[in-house]
Each structure stands twice: as structure tokens, then as C-alpha cells.
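What follows is a single structure, written as C-alpha cells, with notes after it.
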């Protein structure tokens, strides 16, 4: 028992550490890649198989030998539910087994997911345990934890300053903030509250990954075995969180439901229960509750049908966002390296790992900006913060490659959009103020300023072939709430795996380098660089350096 | 808030009086001939390698001991707002900061911090500028970026015209000595970014300054944050494309030091080429306004300027 508790604590601990280190550690998406339903649906929807999904295959293989030990010992969703079950479980005298037929529900959910995945539509994020639990910890748990720690550090500041504890004095935590956090919280509140119906309700009845592992663990090599000491007291059946033991015949086991938690062994007054290897012929198997084939088909069709309806949604992108007839949220910016939109949505499992990894917290889950199909998918939100042109964290942690890994050398070329100036909002254009903050912060040097005869201060223009859409400008723009310079998805590079960003960008005439050494040609005294706008200043400040005036 | 910010209260006045008394007493120890006939310049301009030039320039205007007393808590404000190296001339050269830090420590400073609230990602700024590595080699955690709004304190600007209050870094408010060590560079909005404009790196909400008249807001801020010592790094000058660059980089190998921020800025404007032309100091509105409001002097031809080469 102690071993089990340790193993589970270790697994959850490792999961949380990997999540906290997302973007810094190579294998921080390992747990996601172990989730059979998540990987299965992604593979179906993307119609591809890649070796990085091997962990899911290994998990299924372990189920053949050891049963659902993944559910019992490794899955952070199961461990979290176990922990909350302990807190919220009602005192029940008798384990309800009336729900036994509903044990089939998980197979049907799986069939639904598979049906929709065949259409290239993923709904797996509603049910795959690792997608859900990653989202819970990254969008709800960690932000709260960081926010509280930040407050604590700030409260400690006067003491730290007095004692000159520099590390504490200057420690800045910057807690992340996320959209949809409350929805995720409510969803999980429901999952946790379901303990009132049964322990591990989610795992028993709903989990599609549990369903896959159940199918694989009908006859595991290592399994629950009951010897003749059993006096059929039924304590074990009552204790079993997974309804894997038939109370009328506690010496038998529904092995596909058993997660090898061994609580039955511990509780048995006769010491009649053991978990050990056994021959297939000795199987003490309870009548299993298998999915009904007709129902599986029906749910598969329902999934396919739902996918078909979803694909007729107004905001669906058929091919390329630039196609005529595409209706999108005007400012939906995908992270750098995101596959072409239809492939991206098919591949993205909405786990939120990219958002957890994003060092600037610009990656946010969207609601319906990208249509029903885009629910919870990541989008760059420059107003929150820019997308660092050197950072490749989101692509590194994506378990399905929906956001491709961009080689460091190519990163600056991965254009995610183009900045546009709303002149009627701009301090320099409209309010005639001296402001060039966008130029000041642009790492690509994609802004230039023009001195106009009708305006007192230079006004900005975007050089669209130098702009990568990183959003430094939108983030820093002093106009609120609608920034006067915003990033739009125009000319974003959405490439299929294997294509080169640098090559593609160059072939389209973009120059997307941070290029510290390479200066724009300083202008001769007359006129300002580029822009193509003639400097028609009639009075003496023709060609005067920006920010200077006549003096006096 | 210490002397550079507010009208002084009685306690501070007495403290200063005490300091001056000590100074007066100490001056008796110096041979009279050394003081006589050697009125120190208002502004020192030294060309040469950075380290000796900084030392020489500060020495010419009275030495570091004029500003930093034993036990003083010193904040040095460099430009380290961009994630680029010294060659781009958008950040102060790390050697300037290093020299200043060592001078402060030799003068017996109690604590020296090098602080800025950068635009670009903080760690990249502090690393790539080279300022972090050189300072932290002298003392761990000396150079820091401060961005969290909770580390700033709301402060009234009693002399402010449009900017009447702002949030100032707490460490700056509790410091005894403020040293501005800006990089000499052009600025697309403010014309130039020198010691006055650089004070924007010590506050939290800079956005509002752009919604006001930027130049006036800079002067308002300068009326609150008046560095005791200004050392302008013109070893390289970002003549165009500032503040971030890339742009044309001049290499006049010059260090300018003064206790008067307006004079230091004014001299720098007039001494170098900006966008291929020469300008006079009054062509920068915030310098002009600061002069008019008595924060310093831009009439550099009336000032005593000491020049040297090392």
C-alpha cells in the first residue's frame, strides 16, 4: 500500500515538475504522449504515425501484461481524482454496482472520438485524461500557485530590502493569466463531485483511454488471483473503486476494469487475494461488461456525424486562410510553427502544454474565435505580451506536432502575422503626440517613421516585409484599450512539416532577421527611409532628425 | 525620498549640514594651493579608452567622493533596455558601468545597485548588454531588472506640469545617490535619449508619458528624479535609428560627466552628429523646457567645460 502511495505521489510529482519545466526540458510532454486515446485520436485525425508516440504504444503493451497499471499508478488524472475522492467521498455503506452497465459508456465515448477523428476532427480534448488534466494544472492550478507566491514575495519585500537579500528583493514571479480558466475549473468541479455517485467515476465510466486499456487488458498475465481461503464476505467488492469485483462472486474479477490498486488484497480478512502471474487457463474471470457492437457503430457514426456538422461551421477553414470565403476572427494569431489551419486543428489536442510552456504568457486558449472546432486551441495574444522571436518553447512541447518544432536558426523567419496601424487611434497620427514606442520595441526594425508637413511629430509605418507579427508593438502601444498597432494574421507562414521557414519567407520577399549589425541606411539629410511617401515638408524642418525641432 | 527628489525636510537638511561641515573641515586638510585657481568645471569631456576616461571625467568634476560618501546607498541607472551588445550602441557599454561601480566601492559606498526597467525580455537585456556579467562578477546580484509593479511606489511630482505623479522603483527612493549612466543615442520620439529620458527606466508606467506631451513629461520626471552625477557614454553614439537601433554608430570615444543633467544632455546633443546633421541643444524640446524650468543649464557656452584626453 505504501509502495502504491509512493508510486502515485512520484508520478504526479514528476508530471507536475515536467509541466512546470515545460519548454525547458526536452521530454516535458512525455505524459501526454503516453495517453492512448489522445495519441490514437491524433493519429487517426492526422492520418500519420510518428515515433514520438511510442510511449502510448508502450502503455498499451503494458496493459496486455499487467492490466491497467497506467490507470492505477501513472495517470495524473486518476491520481488527482483519487486524491479528491478522499476529500469529498461520502460515507457509503455499500458500493453501488447498479451502474455496472454504464461501464460500457467509456467504449462509446471512445467510438465517438474515433468516428469524428476519421473525419479529421478532434473532440478528444473533451475526454482524453492527459489533455484534461494538463489543462487543469496549467490553466488553473499553476496560475493560482504562482499568484499566491507572488503576493507572498511582494509582502516579504520590505524585510528582504532591509536585510539586503538581493535574490528575494528582485525575485519577480509574474504569475500567468489565462482565458477559459473558470470553465476548466467548473468542468473539474463536476468531475471531482462525481465521487458522490461512485469513486473514480471518471475512470470507470467515461475515460476513453481507460477504454482502450480495458480492451487490451482482458487477460493480463499479472492479475488479481483469489485462492480457496475466500469466504465470499464481499468486503473487497465493496472496496473496489473500479467496480471490477462482482459482489456475488468476489473470487472472480473483471480484469479489464481492474487497475491493480490492490485495495482488495489489503482489505481481505482471509488474505485470499494476491496479484501475481497466472496462466490464461486459470482465469477467474467475471462476466465482462463488453461494449455492444451495434452501439459502438452507432456512437462511431454519431461522432462522424457531429464532425460532419462541425465541418460545415461558418468559421471552418477549408484550405488556406487566404482563400476567399474564409470567415475568421480578425485577430486570430496562431503560434509560430503552427501547421496549416485544418491540419493544425486536426492535430491539436488542446492540452494547454504550449500555453504552460510559453514564457511570455501570450499563448491563450480561445473560445469560439476559431469556430466550434477551434475551442481551447492556442492563439497568440500580443496585447498580453509579445511572442519572443527567438523562443521555440511551444513547438518543443507539442505532443502531436500541431505546432512544429522550428530549428533555432530558422525561428525568426516563422512569421505569424503582420502589424497594422489604426491611424485614428495612434498618438502620433491622430493626437499629434510624440510617440514612437512601436519603433522603440520592434526587434525586427520593421517600423519606420515619416515626417509630414501636416503633423508635428514623425508618424509610424509598418514595413510589412520585415514584420514577423511578434506583437512587441501591440503589447507596448500606450493607447488603450484598443492598441493603435495590432497584429493581424495576414501573411502568416503556415507550413507543412519539413518545409523551411527561411526559404519560404525569402521566396515571398520577406526579410525577417533580428540583424543587430545590419543597419537600415541612414537617410541623407533630406527625407526619411523608405515608405515611398515623398517628404513634402514645405517649411524648414525638412529632413530634420526625428524628435528635434526648430529650437528657441 | 532623498535629496534629489523633494524639497528637503528639516532632518535631511541637518544631515546635509553635517555633511557639509565635515566637508568644510576636511578641506582644511587639503593644501590651499590645490583648491585655489582650480575651479572645477561644470562639465568634463574626456576622450580615450573607456575606463580611464570615466575616471578622469569624474575626477575633473570633483571626484567620486563629491557624490558618494562612505556608507551611501548608490543606484546606477544604465541603459540596458535592449537585448543587444555594445556594438549596437543602444545600451551603455558595460565597461562604463564597471568603472563607475568600482569607483563607488572605492569611495566606500554601502551598497551599489545597477537597475533598469527594460523594454525587451529582462534576462536577455541584462545578459546581452554585458552589464549583468561584469557587475555580477564584482558582486553577485548587483545588476538587476525590475519590472513587477509591486516593486514601485507611487510618488507625487510636486513640480510636475502634466505628469503629477508616477511610480518609482522603491530601491531608487531609498537610495542616497543616483548616478545616471546613459548611452548617447538618438530617439525617434524624444530626439535624443540621454540622462533625462533615461529616468523613464526607473518608473513603472511609461505608457502614460506618451499620451501626455512626451517632452514635458520627461521634464516633469526629471524634476523628481535628479541624478547627483551624470556620466554619459559617448564612447559610441547611436546617431540614427535610436533608441533600439540598428542605426549608424559613431565612435567618438568620449565620456561626458557632470552634476547637471541638463548640461550633460545639452552638451551631448551639440557635440555629435544626429541623422547626418548638427543641432544645437535647444532643438530638443525637453532640454529647452528643463533649462527654462531651472533644472539645469543648456547654455553650454556659458559653462566651464573641462576637456581632456587620456
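All of the numbers you see were taken from the coordinates with simple rules; none came from a lab. A quick note: this is a predicted structure, and the numbers were derived from the prediction, not measured. As a convention, Cβ positions derive from the backbone with ideal geometry for all residues, glycine included, and neighbour counts pool all protein chains shown.
Using only helices, what value at 222 nm comes out for chain A when you add -39,500 (n - 2.57) per DSSP H run of length 4 or more and divide by the total residues, to the nearest 500 deg cm²/dmol? Intermediate results must be reported in sequence, preceding the final value.
Details: 20 runs with 193 residues, N = 552.
Taking each H run of at least 4 residues, the total per residue is -10000 deg cm²/dmol.
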request  = Take every Cα pair under 8 Å in chain A that's 6+ residues apart, average their separations, divide by the length, and report that relative contact order as a whole percent.
outcome  = 15
message = What distance in nm separates the two pseudo spin-label positions at residue A:145 and residue A:267, each 7 Å out from Cα along the beta-carbon direction?
response = 3.1
note = Full extension between residue B:292 and residue B:106 adds, at 0.36 nm per residue less the Cα distance, a length in nm of 63.3 nm
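Can you give the extra length, in nm with one decimal, that the chain gains between residue A:65 and residue A:323 once fully stretched, where that is 0.36 nm per residue apart less the Cα-Cα distance? Present the calculation step by step, with values, prior to reporting the outcome.
Values: separation 258, 0.36 × 258 = 92.88 nm, distance 5.06 nm.
Extra length available between residue A:65 and residue A:323 comes to 87.8 nm.
Where Rh denotes the Kirkwood radius from the mean inverse Cα pair distance, what is Rg over Rh for chain B? Mind showing how you got there, number by number?
Numbers: Rg = 18.1 Å, Rh = 19.3 Å.
Using only Cα positions, Rg/Rh for chain B is 0.94.
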request  = Mind sorting A:136, A:70 by how few other Cβ atoms lie within 10 Å of their own Cβ, fewest first?
outcome  = A:136, A:70
key: In nm, spacing of pseudo-spin labels at residue A:368 and residue A:507 (7 Å Cα→C-beta vector)   = 3.9
ask   = Expressed as a fraction of 2.2 N^0.38 Å, the rule-of-thumb size for a compact globular protein of N residues, what is the C-alpha radius of gyration of the protein assembly as shown?
value = 1.17
message = Once R0 is set to 45 Å, what does the formula 1/(1 + (r/R0)^6) return for the Cβ-Cβ distance between residue A:26 and residue A:431, expressed as a FRET efficiency to the nearest 0.05?
response = 0.40
task = With viscosity set to 1.306 mPa s and temperature to 10 °C, compute the Stokes-Einstein D of segment A:163-209, Rh being the Kirkwood radius across alpha carbon pairs; µm²/s, no decimals.
result = 112
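For chain B, what is the calculated [θ] at 222 nm in deg cm²/dmol (nearest 500), taking -39500 (n - 2.57) for each run of four or more DSSP H residues and dividing by its residue count?
Details: 12 runs with 106 residues, N = 310.
So the calculated ellipticity at 222 nm is -9500 deg cm²/dmol.
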task = For an R0 of 22 angstrom, estimate the FRET efficiency from the Cβ-Cβ distance between residue B:251 and residue B:280 and round to the nearest 0.05.
result = 0.45
task = Compute the acute angle (0 to 90°) between the alpha-carbon long axis of helix A:54-66 and the principal axis of greatest extent of the alpha-carbon atoms of chain A; round to the nearest 10°.
result = 10
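If I take R0 = 51 Å and measure r between the Cβ atoms of residue A:297 and residue A:408 in this structure, what FRET efficiency does the formula 1/(1 + (r/R0)^6) give, to the nearest 0.05?
On the way: r = 48 Å, r/R0 = 0.94.
Using R0 = 51 Å, I get an efficiency of 0.60.
What does the C-alpha gyration tensor say about the overall shape of segment B:73-184? Classify as rounded when a/c is under 1.5, otherwise prolate if a/b is larger than b/c, or oblate. Spell out each step's value before the answer.
Numbers: a/c = 1.81, a/b = 1.30, b/c = 1.39.
Here segment B:73-184 falls in the oblate category.
At a 10 Å Cβ-Cβ cut-off, how would you order A:412, A:48, fewest neighbours first? Could you put the intermediate results ahead of the total?
Details: A:412 22, A:48 15.
The order, fewest Cβ neighbours first, is A:48, A:412.
For chain B, what does the relative contact order come out to in percent, with C-alpha contacts under 8 Å and a separation of six or more? Kindly include the intermediate steps, with their values, before the conclusion.
Working: 696 pairs, mean separation 70.2, N = 310.
Once normalised by length, the contact order is 23 percent.
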key: Projected area averaged over orientations for segment A:341-507, convex hull of C-alpha atoms, nm²   = 10.0
task = Please arrange B:56, A:196, A:415 by counting, for each residue, the other beta carbons lying within 10 Å of its beta carbon, fewest first.
result = A:196, B:56, A:415
request  = Restricting to the protein assembly as shown, compute how many DSSP beta bridges are antiparallel as a %, nearest 5.
outcome  = 65
key: Estimated Rh, segment A:170-269: Kirkwood, alpha-carbon pairs, angstrom   = 16.1
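How big is D for segment A:437-477, in µm² s⁻¹ as a whole number, if Stokes-Einstein is applied with the Kirkwood radius of its Cα pairs at 10 °C and 1.306 mPa s? Provide the component values of the computation, followed by the final result.
Values: Rh = 10.6 Å.
The diffusion coefficient I find is 149 µm²/s.
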inquiry  = Can you give me the Kirkwood hydrodynamic radius for segment A:2-218, using every pair of distinct Cα atoms, in Å to one decimal?
reply    = 19.1
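Hey, what D do you get for segment B:30-136 in µm²/s if you plug the Kirkwood alpha-carbon radius into Stokes-Einstein at 37 °C and 0.692 mPa s?
Numbers: Rh = 15.1 Å.
Value of D from the Cα-based Kirkwood radius: 218 µm²/s.
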ask   = Tell me, in nm to one decimal, what length is gained between residue A:51 and residue A:239 on full extension, where the rule is 0.36 nm per residue of separation less the Cα-Cα distance?
value = 63.7 nm
note = The simple spin-label model distance between residue A:102 and residue A:2, using points 7 Å out along Cα→Cβ, in nm, is 3.8
